[in-house]
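Asks: Quick one: structure below, then a few questions.
The values are calculated or read from the model by the stated rules, or taken from the named source; none is laboratory data. Just so you know, these numbers come straight off a predicted model, no measurement behind them. Note that we place each Cβ from the backbone using ideal geometry, even for glycine, and neighbour counts take in every protein chain shown.
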Amino acid sequence: MLSRRSVRIKVMQLLYMLNRDEQLAFPDLVKEYNDGIWKTYELYIFHLYVLLKVAQYAEKDAVTRAAKHLPTDEDKVFVPRLYTNPCMQSLANHVEFLKIAAKYKSNEGIDEDHIRTLYQSFDDTPEYKAYLALPEPANEDHTKILLELYRFLVNHDIFIEMSEDRYNNWQDDESLVVGAIKKTIKVMPLEGPFYQEFEPSDETVREFGEQLLRKTCQEDQALFEHIEPTLKNWDAERVAVLDMIMLKMALCELLHFPTIPTKVTLNEFVEISKVYSTDKSKDFINGILDRLMKKLLKEEKIVKEGRGLIE
């Protein structure tokens, strides 16, 4: 689930934290990094669990409708198929998933009023009404409505608030988690350890992310000495803190990660700067990195191998 871009962002944020707090020790930074990486996976588990809880509320809806003195025609034929369908049942009865949800405490502290409100809001949508009206829904109908339910949830203020209250990485990791949940729903009914696909991999987390964090910290001054001469009319002290951090990280990649193509490094940090820095940062980062890259290639200080040779 974690892309290298998301790992770069997490490393950048930690280096910014280190810049703001000089008392922060490097081992604490590494621990913070590893904890942050797993928070993305925890968020994925939490979203799946809330999806399950909202769907499960359909059973309470069925009881409420059945208890009405004057039920409508819609009430009389209602069945809680949002929860009882084979796709959602494969999650509800997945013992290992429920254990993981308990491990990360996804099942704790959920406000039942929030679940009720989310379900009742979804109950009013034409998509849900159309699904309930189907005489014999197929598997694709079940996955379609669950995708629609999740789309509804991630755009609902209560669900966003629930995510933000538990995970301060929600905004940074939203696209990753949403993509992973959609992928999970599309392969329902679920079998086996489906969640393992989204666990952080050693290659991304340690071989790349942790080494990028370590090398950028260890060689901070040396990296700065490479960058400063390329600033030309820019005063190094006036360069935005995040911009300097991104330049150091990018330079670290160019010098110490031989399997990452130079253009990939340049493009990745330009894209990150568009989201996390100033309006002018994109052009600034692009210009400085381009200058640095050409200079270091000419001096044969950038050596690429394997995939890194692909431009």
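Asks: If you go through the range 154-198, how many residues are in a loop (DSSP other than H, G, I, E, B) and either among the small types (Gly, Ala, Ser) or within 14 Å of the chain's Cα centre (by Cα) (or both)?
Replies: The number of residues fulfilling the criteria is 4.
Okay, residues lined up against (1) modelled with pLDDT under 95; (2) among the acidic types (Asp, Glu); (3) under 29 Å from Asn267 (Cα atoms):
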site	(1), (2), (3)
Met1	yes, no, yes
Val50	no, no, no
Asp61	no, yes, no
Leu98	no, no, no
Lys103	no, no, no
Gly109	yes, no, no
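Asks: It is to be established whether one or more residues within the range 134-144 are surrounded by fewer than 17 Cβ atoms within 10 Å (Cβ to Cβ), touching a helix residue (DSSP H, G or I) at 6+ places or on another chain (Cβ under 6 Å), outside any loop (DSSP other than H, G, I, E, B) and at pLDDT 95 or above.
Replies: No; the residues of the range 134-144 include none that is surrounded by fewer than 17 Cβ atoms within 10 Å (Cβ to Cβ), touching a helix residue (DSSP H, G or I) at 6+ places or on another chain (Cβ under 6 Å), outside any loop (DSSP other than H, G, I, E, B) and at pLDDT 95 or above.
Asks: Looking at the range 236-260, I want the residues that are on the phi < 0 side of the Ramachandran plot and surrounded by 20 or more Cβ atoms within 10 Å (Cβ to Cβ) and have a partner that is part of a loop (DSSP other than H, G, I, E, B) and of a type in the set (A, V, I, L, M, F, W, C) with Cβ atoms under 9 Å, at least 6 apart or on another chain. Which pairs are those?
Replies: Leu247/Val239; Glu253/Ile260; Leu254/Ile260; Leu254/Ile302
Asks: If we scan the range 252-262, do we find a residue that is at pLDDT 90 or above and within 19 Å of Leu14 (Cα to Cα)?
Replies: There is at least one residue in the range 252-262 that is at pLDDT 90 or above and within 19 Å of Leu14 (Cα to Cα).
Asks: Right, something else. Test of understanding: among Ile185, Ile160, which residue is at pLDDT 95 or above, within 27 Å of Arg116 (Cβ to Cβ) and surrounded by fewer than 17 Cβ atoms within 10 Å (Cβ to Cβ)?
Replies: Criteria check complete, one pass: Ile160.
Asks: Got a sec? Which of Val205, Val270 is modelled with pLDDT under 90, in a helix (DSSP H, G or I) and among the aliphatic types (A, V, I, L, M)?
Replies: After applying the criteria, what remains is Val205.
Asks: For the range 266-295, which positions are under 21 Å from Glu228 (Cβ atoms), out of contact with any Ser or Thr (no Cβ under 6 Å at 6 or more places or on another chain) and either acidic (Asp, Glu) or surrounded by fewer than 17 Cβ atoms within 10 Å (Cβ to Cβ) (or both)?
Replies: Thr278, Lys280, Asp283, Asn286, Gly287, Asp290, Lys294, Lys295
Asks: If the Cβ limit is 6 Å and pairs must be 6+ apart or interchain, which residue in the range 279-292 that is under 14 Å from Lys232 (Cα atoms) pairs with which residue that is surrounded by fewer than 21 Cβ atoms within 10 Å (Cβ to Cβ) and not aliphatic (A, V, I, L, M)?
Replies: Between residues of the range 279-292 that are under 14 Å from Lys232 (Cα atoms) and residues that are surrounded by fewer than 21 Cβ atoms within 10 Å (Cβ to Cβ) and not aliphatic (A, V, I, L, M), the close pairs are Ile288/Thr230; Arg291/Thr230; Leu292/Thr230.
Asks: So, one more: Of the residues Glu199, Glu191, Glu207, Glu174, only one is surrounded by fewer than 18 Cβ atoms within 10 Å (Cβ to Cβ) and farther than 25 Å from Leu146 by Cβ; which?
Replies: None of the others qualify; the one that does is Glu207.
Asks: Of all residues being of a type in the set (Gly, Ala, Ser) and part of a helix (DSSP H, G or I) in the range 212-249, which is modelled with the lowest pLDDT? Just the residue, please.
Replies: Top of the filtered list is Ala236.
Asks: Ok, one more. Filter the range 20-38 down to residues that are in a helix (DSSP H, G or I) and either surrounded by 19 or more Cβ atoms within 10 Å (Cβ to Cβ) or among the hydrophobic types (A, V, I, L, M, F, W, C) (or both), then give me how many there are.
Replies: 7
Asks: Test Leu176 against the criterion of being in contact (Cβ under 8 Å) with a residue 12 or more places away in the chain, more than 18 Å from Leu52 (Cβ to Cβ) and touching a Lys or Arg at 6+ places or on another chain (Cβ under 9 Å), and give yes or no.
Replies: Judged against the criteria, Leu176 is not a match.
Asks: What's the total number of residues in the range 101-115 that are part of a helix (DSSP H, G or I), out of contact with any helix residue (DSSP H, G or I) (no Cβ under 6 Å at 6 or more places or on another chain) and surrounded by 12 or more Cβ atoms within 10 Å (Cβ to Cβ)?
Replies: 1
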